[in-house]
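J.: Sharing a structure, written as structure tokens. Questions coming.
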Amino acid sequence: MPPYIRLCLETFKNLGYEFVVLDHSNLNDYLSPSDFPIEKLGRFPPAAQGDIIACYMMNRYRGYFIDADTIFLGKINHLEDLLDSHELVMIGDEKVPFCHAAFILSSGDSVILQEWETKIRGLLAAIENSEQAENQSDGRFVIKSNSFGNPLLHPIIGKHLNKVKILDKDLFLPENRSLKDFSSEKRNQAYKDFYFTEEVQDIPTASFLILHNSWSPEWYKRLSIEEIKKDKLFISRLLMQAIGSI
């Protein structure tokens, strides 16, 4: 885990919340091997692993599933009131409709998650039965990183819009607000231009901001916590402010 991601976790802990960092070593404490064989996870790209686990966990537990690369700026308890009238609370765009699996607040009993898990199980079975599934020398499956996420989830969200509260993505992904071209390349560049500059950025009032660790520069991931504390980039100053170090 890069040091700056450890600082992201500190921003959550700093607000007084308890949390569990899920990884391959502790997943069987929360998911039965009969639910999902953990040893298979390593054969998928990291983003695909995250989508699978997010779905399975939130289909069984009431609470939050949050990507570790999230900076918390305020309490989020008020979001739990939304579960009185919705099964899920997610970040996205109601017009598309679109939801980002980086943040899920679940009642623990959701038709959307049940259908998503069914779709995931079907795709897993199809991959297992495909003669072309494994054609890398390390035995990993060759699939797109988002195969278990948006392509499966979006149609389900569209069917059950009344069951999910979609929070405006522009509040939590402020780097995208002025974009007209939402291609991966443009969003990647907008992310770097927003966070990895010494300029102070104008951000909406939000309880948290969702980062993209896969797009963060490799040199930044190698910075130590002490180096980040002295760094002048906006992301570094934001992290330090969020944990009360400045």
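J.: May I ask you to derive the relative contact order of the range 167-244, considering only C-alpha pairs under 8 Å and at least 6 residues apart, and to give it as an integer percent? Spell out each step's value before the answer.
T.: Working: 59 pairs, mean separation 25.9, N = 78.
Relative CO of the range 167-244 lands at 33 percent.
J.: So, with +1 on the Cβ of K and R and -1 on the Cβ of D and E, and no other charges, what is the size of the charge dipole of the range 178-246 about its Cα centre, to the nearest 20 debye?
T.: Working: 10 positive and 10 negative charges, 23 e Å.
Taking the Cα centre of the range 178-246 as origin, the dipole is about 100 debye.
J.: Follow-up. Evaluate E = 1/(1 + (r/R0)^6) for Asp93 and Ser34, where r is the Cβ-Cβ distance and R0 equals 51 Å; express this FRET efficiency to the nearest 0.05.
T.: Plugging the Cβ-Cβ distance into 1/(1 + (r/R0)^6) gives 0.90.
J.: Can you give the log10 of the normalised intensity I(q)/I(0) at q = 0.12, 0.13, 0.20 Å⁻¹, computed with Debye over equal Cα scatterers of the range 116-246?
T.: Taking Cα atoms of the range 116-246 as identical point scatterers yields -0.71, -0.81, -1.17.
J.: Continuing with this model, one more query. Taking the number of other C-beta atoms within 10 Å as the exposure measure, put Phe148, Phe12 in order starting with the fewest.
T.: Phe12, Phe148
J.: Now, a different point. List His100, His78, His154 from most exposed to least, where exposure is judged by having the fewest other Cβ atoms within 10 Å.
T.: His78, His154, His100
J.: OK, next. Treat the range 51-105 as a sphere of radius equal to its Kirkwood radius over Cα pairs and apply Stokes-Einstein at 10 °C in a medium of 1.306 mPa s; give the translational diffusion coefficient in µm²/s, rounded to a whole number.
T.: Translational diffusion coefficient: 130 µm²/s.
J.: Check Thr197: other-chain or 5+ apart residues with amide H under 5 Å from its amide H, H built from backbone geometry?
T.: Phe234, Ile235
J.: Now, a different point. Considering Cα pairs under 8 angstrom that are at least six residues apart, work out the relative contact order of the chain and quote it in whole percent.
T.: Computed over the chain, the figure is 26 percent.
J.: Work out the FRET efficiency for Thr205 and Asn129 from their Cβ-Cβ distance, taking R0 = 45 Å, and round it to the nearest 0.05. Please list the in-between numbers first.
T.: Details: r = 49 Å, r/R0 = 1.09.
According to the calculation, E is roughly 0.40.
J.: Here's something else I'd like to know. Sort out the exposed loop GluC sites (Glu not before Pro) in the chain (DSSP loop, at most 15 other Cβ within 10 Å) and tell me the longest stretch that has none.
T.: Values: sites that count: Glu18, Glu94, Glu131, Glu198, Glu199.
That gives 19-93 as the longest site-free run.
J.: Under the 0.36 nm per residue contour assumption, what length would be gained going from the current alpha-carbon distance of Glu198 and Ile143 to full extension?
T.: 16.1 nm
J.: Further question: Calculate the dipole size of the chain relative to its Cα centre from +1 charges on Lys and Arg beta carbons and -1 charges on Asp and Glu beta carbons; express the result in debye to the nearest 20.
T.: Details: 27 positive and 35 negative charges, 48 e Å.
Taking the Cα centre of the chain as origin, the dipole is about 220 debye.
J.: Given the options Ser214, Phe182, Tyr56, identify the residue whose Cα lies farthest towards the positive end of the charge dipole of the chain (+1 on Cβ of Lys, Arg; -1 on Cβ of Asp, Glu).
T.: The residue sitting farthest along the positive end of the dipole is Phe182.
J.: Mind checking which of Val89, Leu124, Phe19 is farthest towards the positive end of the chain's charge dipole, using Cβ charges of +1 (Lys, Arg) and -1 (Asp, Glu) about the Cα centre?
T.: It is Val89.
J.: Could I ask something else about it? For the range 149-157, in order, what is each residue's ³J(HN,Hα) by Karplus, 6.51 cos²θ - 1.76 cosθ + 1.60 with θ = phi - 60°, in whole Hz (x at glycine and Pro)?
T.: After applying 6.51 cos²θ - 1.76 cosθ + 1.60, I find x, 3, x, 8, 7, 4, x, 6, 4 Hz.
J.: Now a separate question. Would you mind calculating the relative contact order of the range 53-114 from Cα pairs under 8 angstrom and at least 6 residues apart, reporting the percent as a whole number?
T.: Computed value for the range 53-114: 49 percent relative contact order.
J.: Next question. Evaluated at 37 °C with a viscosity of 0.692 mPa s, what Stokes-Einstein diffusion coefficient in µm²/s does the range 14-68 have when Rh comes from the Kirkwood expression over alpha-carbon pairs? Don't skip to the answer; put the middle values down first.
T.: Values: Rh = 12.1 Å.
Estimated diffusion coefficient is 271 µm²/s.
J.: Right, another one. Where does the chain land on Rg/Rh, using Cα atoms and the Kirkwood Rh?
T.: Expressed as Rg/Rh, it is 0.96.
J.: How high is the FRET efficiency from Ser85 to Ser214, r the C-beta distance, R0 41 Å, rounded to 0.05?
T.: 0.75
J.: Please report Rg (one decimal) and Dmax (integer) in Å for the Cα set of the range 175-246.
T.: Final numbers for Rg and Dmax: 12.7, 37 Å.
Readers should treat all values here as calculations from the given coordinates under stated rules, not as data from a laboratory. What you are looking at is a predicted structure, and each value in this text was computed from that prediction instead of being measured. Glycine gets a Cβ as well: all are built from the backbone with ideal geometry, and neighbour counts include every protein chain shown.
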